[in-house]
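The values are calculated or read from the model by the stated rules, or taken from the named source; none is laboratory data. All of these numbers come straight from a predicted model, not from anything done at the bench. Quick reminder, even Gly has a Cβ in these numbers, built from the backbone with ideal geometry, and neighbours come from all protein chains shown.
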Amino acid sequence: MVHQPAVFLHDRFLAKTHHKEDAVTLQVGSMEMRDMMLEAEPKLFYITDHYRKFPFVLIRLSALSKTVLKEILAGRAAQLAAMPPIKRRPKKAAKKKGG
């Protein structure tokens, strides 16, 4: 499986280009938000079966302008910036061989 480059903000997923679809994958705040976006702009937003149970939308590149992309990413970035930081355990140092 080929992994597409992704954009993270404060260790949280923001967006990436989709590996099969001609689209950008965007995580949204909730399933309710996703459903509202799908209903409001069906020519811009859609999902595949893979995303049916998750708060993600796919954004059609063919229907996306730079202005709309900036607005969508800025809005989601503001939501992520307002969230508390993710608490991660410190990574363990790698053990040296033959030391």
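Quick check on this structure: which one of 8, 56 is touching a Lys or Arg at 6+ places or on another chain (Cβ under 9 Å), of a type in the set (Phe, Trp, Tyr) and surrounded by 10 or more Cβ atoms within 10 Å (Cβ to Cβ)?
56
What is the number of the single condition among (1) surrounded by fewer than 15 Cβ atoms within 10 Å (Cβ to Cβ); (2) not in a helix (DSSP H, G or I) that residue 50 does not meet?
(2)
Quick check on the stretch 64-73. Is at least one of its residues polar (S, T, N, Q), modelled with pLDDT under 90 and not in a loop (DSSP other than H, G, I, E, B)?
no
Sort through 58, 69 and tell me the only one that's touching a Phe, Trp or Tyr at 6+ places or on another chain (Cβ under 6 Å) and not polar (S, T, N, Q).
58
Can residue 25 be described as assigned to a strand (DSSP E or B) and free of Cβ contacts under 8 Å to residues at least 60 places away in the same chain?
Judged against the criteria, residue 25 is a match.
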